[in-house]
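Novice: Dropping a structure here in structure tokens format, bear with me for questions.
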Amino acid sequence: MLTALLLVATLDSGLAIVPRPVRFTPRTGTFTLTAATVIVTDRGTRELGGTLADYLFPATGYRLAVRASAPAGTRVISLGLDTTLKALRDEGYRLEVTPARVTIRALRPAGAFYAIQTLRQLLPPAILREAKVTGTAWRMPAVSIEDYPRFTWRGMHLDVGRHFMPKEFVKKYIDLLALHKMNRFHWHLTEDQGWRIEIKQYPRLAEVGAWRGQTIIGRPDDDSAKWRFDGQRHGGYYTQDDIREVVAYAQARFVTIVPEIEMPGHSQAAIAAYPELGNTGDTLSPWTSWGVDENILNPGEPTIRFYQNVLTEVMALFPGRWIHIGGDEAPKAQWKASSLAQQRIRELGLKDEDELQSWFTRRMDEFLTAHGRSLIGWDEILQGGLAPNATVMSWRGTDGGIAAARAGHDVVMAPTSHTYFDYYQVADTTREPLAIGGFLPLDTVYAFEPVPPTLTPAEARHILGGQGQVWTEYMPDPKRVEYMTFPRVCALAEVLWTPREGRDYGDFVRRLPHQLERLAVLDVQYRPLQNTLGTTTAEGHTR
Ligand code: TNX
């Protein structure tokens, strides 16, 4: 009943696009897509014409022609680049739908790609089906849209270390990001519990590091004697061919993959594969529990070389600018007890173990910078001094991000308070699947403001954008990831795309059922809205 009312309201207003476009003016009439519609492109959009045709084929059954021109009177979807549209920058677009034609113009291909994502949302949700749909008229409401993103970093992260996620799901996840006009996929590839990327020079990383013998059941009790395990081997990794396939898939969707290789913490699986990377010489296995692990890398020169060699293979696979080196949660007890680490501190004239981690990070920064890439790390990389070219991902609140921006470093805001999608989305968790804890309802995600008000305009320019985190300790498979991620990612996408003044939670909640219909067609097991809309604007709707 409630859903029906919301849908009527949405259909009345004609448009239900997520994220909300910057400017749109409804016009009269509709454009109907038929088998005779022609996609007209210029040289810069020819490939995207094919992308559009591919998007439209399965549900409609129409193999639309992609041509350089069409005879007068043909119903066309025209895609073109226009160098005068500088104001739209790299990712903006204009989209005009009239009964006679659809016109897409952008400065660059990324903008035309986002226009295509909007076009998919102007058509009935069934356009997203993978097989021919009968009895649907493929109509779009006439409209003029001008649209561009607020931030350049619109990211989602996925931890495949705690639970391995199959390549096919990673592609689906990237598709869903593109549908929401998100453009960064932070692929968290290494963890204490599993190493997930094939490295040719060090085959044991995947052979040994990708598999753990069992997994703890439930949350770890402080008393480890009470821990119980499932007795099931878990693991998997991506071959370099798999990675190249996913990278190409992401590139075609204007998503830059940011690979993460954790160091010096969260490295037990690597140490299990190559014990000489550790501090104690103990023989370890990939971790079977959750939490902050004491086993970290040693700061010796062979370890630095080992990780630089790993990064060399990583850079060859991932063409994007940023390489994430982790840096979070590296307990220093082993370095305090290690003669090698203490000797390094003395030799290098450092104050303490935090400065030693900074030195370690700086070595990676120099290496990546020399290869034309940029280091990014979690905000712990600020402790002991920030490496000169580092970008900071601020997760423990926004203070780290503020400090980094003030020091002239770029920042991605990813605070637990607004972007941790491993937290519960409802207050009453009794009927929710077990999660890590926390509480992050949809309206809180929607209220996320990536630019702290205390920053000056010059400092604020260092805030590249924001990102949602999906840590998978309690997400054993893709369906659980979908449940935890959607619809919160719909809210985050709007925070990162739509201008601040265009953001309105009530309006978002009105459009959301349409987006959920699309997600249902795409077989996304989103968390239903019941009790999730939050305690502010939407309360009247939910009860
Ligand atoms: C902290 S956020 C971590 C992760 C955990 C997460 C659980 C961060 C950089 N490190 O290793 O999975 O908390 O919420």
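The values are calculated or read from the model by the stated rules, or taken from the named source; none is laboratory data. Remember, predicted model here, so these are calculated numbers, not experimental data. Heads up, the Cβs are rebuilt from the backbone with ideal geometry, glycines too, and the neighbour counts pull from every protein chain shown. For accessibility, only protein heavy atoms count, side chains too; no ligands or nucleic acids. Shrake-Rupley method; radii C 1.70, N 1.55, O 1.52, S 1.80 Å.
Novice: Looking at the stretch 151-182 only, could you name the residues that are acidic (Asp, Glu) and either farther than 15 Å from residue 486 by Cα or within 16 Å of the ligand (Cβ to nearest atom) (or both)?
Specialist: Answer for the stretch 151-182, where residues must be acidic (Asp, Glu) and either farther than 15 Å from residue 486 by Cα or within 16 Å of the ligand (Cβ to nearest atom) (or both): 159, 168.
Novice: If you take the residues of the stretch 324-347 that are in contact (Cβ under 8 Å) with a residue 60 or more places away in the chain and either within 16 Å of the ligand (Cβ to nearest atom) or part of a loop (DSSP other than H, G, I, E, B) (or both), which of them is surrounded by the most Cβ atoms within 10 Å (Cβ to Cβ)?
Specialist: Checked the stretch 324-347; the qualifying residue surrounded by the most Cβ atoms within 10 Å (Cβ to Cβ) is 327.
Novice: Search the stretch 156-184 for residues that are farther than 12 Å from residue 250 by Cβ and pair each with any residue that is of a type in the set (Phe, Trp, Tyr) and open to solvent by 10 Å² or more (accessible area, probe 1.4 Å) when their beta-carbon atoms are under 8 Å apart and the residues are at least 6 apart or on different chains.
Specialist: Listed pairs, sorted by first residue: 159/471; 162/290; 162/471; 164/237.
Novice: Residue 402: in contact with a Leu (Cβ under 9 Å, 6 or more places away or on another chain) and within 16 Å of the ligand (Cβ to nearest atom), yes or no?
Specialist: No: the conditions fail for residue 402.
Novice: Hey, another quick one. Could you tell me whether any residue of the stretch 238-249 is within 16 Å of the ligand (Cβ to nearest atom), touching a residue at least 24 places away in the same chain (Cβ under 8 Å) and surrounded by 24 or more Cβ atoms within 10 Å (Cβ to Cβ)?
Specialist: Looking for residues that are within 16 Å of the ligand (Cβ to nearest atom), touching a residue at least 24 places away in the same chain (Cβ under 8 Å) and surrounded by 24 or more Cβ atoms within 10 Å (Cβ to Cβ), one finds none in the stretch 238-249, hence no.
Novice: How many residues does the stretch 244-277 contain that are among the β-branched types (Val, Ile, Thr) and in a loop (DSSP other than H, G, I, E, B)?
Specialist: The number of residues fulfilling the criteria is 2.
Novice: Just wondering, is there one or more residues in the stretch 310-317 that are open to solvent by less than 30 Å² (accessible area, probe 1.4 Å), within 30 Å of the chain's Cα centre (by Cα) and within 16 Å of the ligand (Cβ to nearest atom)?
Specialist: no
Novice: Where in the stretch 432-538 are there helices (runs of 4 or more DSSP H), lying fully within it, with 3 or more residues that are in contact (Cβ under 8 Å) with a residue 24 or more places away in the chain and either more than 16 Å from the ligand (Cβ to nearest atom) or within 18 Å of the chain's Cα centre (by Cα) (or both)?
Specialist: 442-446, 478-485, 488-497, 505-521
Novice: Still on this structure, please answer the following. Right, residue 422: at pLDDT 95 or above, more than 16 Å from the ligand (Cβ to nearest atom), buried (at least 19 other Cβ atoms within 10 Å of the Cβ) and of a type outside the set (Phe, Trp, Tyr) or not?
Specialist: Considered against the rule, which asks whether it is at pLDDT 95 or above, more than 16 Å from the ligand (Cβ to nearest atom), buried (at least 19 other Cβ atoms within 10 Å of the Cβ) and of a type outside the set (Phe, Trp, Tyr), residue 422 comes out as no.
One line per residue, one yes/no per condition, for (1) over 22 Å from the mean Cα position of the chain (by Cα); (2) surrounded by fewer than 16 Cβ atoms within 10 Å (Cβ to Cβ):
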| residue | (1), (2) |
| --- | --- |
| 365 | yes, no |
| 372 | yes, yes |
| 378 | no, no |
| 381 | no, no |
| 388 | yes, yes |
| 398 | no, no |
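Novice: Then there is this: For residue 416, indicate whether it is in contact with a helix residue (DSSP H, G or I) (Cβ under 9 Å, 6 or more places away or on another chain), open to solvent by less than 50 Å² (accessible area, probe 1.4 Å) and assigned by TED's automatic domain parsing to the domain that holds residue 264.
Specialist: So residue 416 fails the test.
Novice: Grab the strands (runs of 3 or more DSSP E) fully contained in the stretch 34-127, keeping just those with 2 or more residues being under 28 Å from residue 497 (Cβ atoms).
Specialist: 38-41, 76-81, 93-97, 101-106
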